[in-house]
Amino acid sequence: MLFGILRAVHQDRFSDETPEQQAQHTDIAHQYAWQAEQRRKRDQRRPITAIRLRELERLFRHRYGMTLPDDDAGRDDLTVAACARRTFPHARWKCADFA
């Protein structure tokens, strides 16, 4: 359905071109449509917990640098990160990355 619509749009838009050029434009439009569909599928598969872990990591790096401090604030932040990590078992993120 989408490709039929793209074909009609491109034939109208590039009517003064040769059939070979119209075919190239249609092929490029198909490729862009396919890439957009793949991006949409990839973005849907990303769990919200993975985004949450990445945001926490960015926040901790901004606040503390490469390691968390050895005080109450650092332990509290590590607890928050560990709770988020627990809900996403396949993450490549470990508490030892910050501790």
Just wondering, is there one or more residues in the stretch 46-54 that are polar (S, T, N, Q), modelled with pLDDT under 85, in contact with a helix residue (DSSP H, G or I) (Cβ under 8 Å, 6 or more places away or on another chain) and not in a helix (DSSP H, G or I)?
no
Against the condition at pLDDT below 80 and loosely packed, with under 12 Cβ neighbours inside 10 Å, how does Asp43 come out, does it pass?
yes
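The values are calculated or read from the model by the stated rules, or taken from the named source; none is laboratory data. Quick caveat: nothing in here was measured; it's all calculated off a predicted structure. Every residue, glycine as well, gets a Cβ built from its backbone with ideal geometry; the counts of neighbours run over all protein chains shown.
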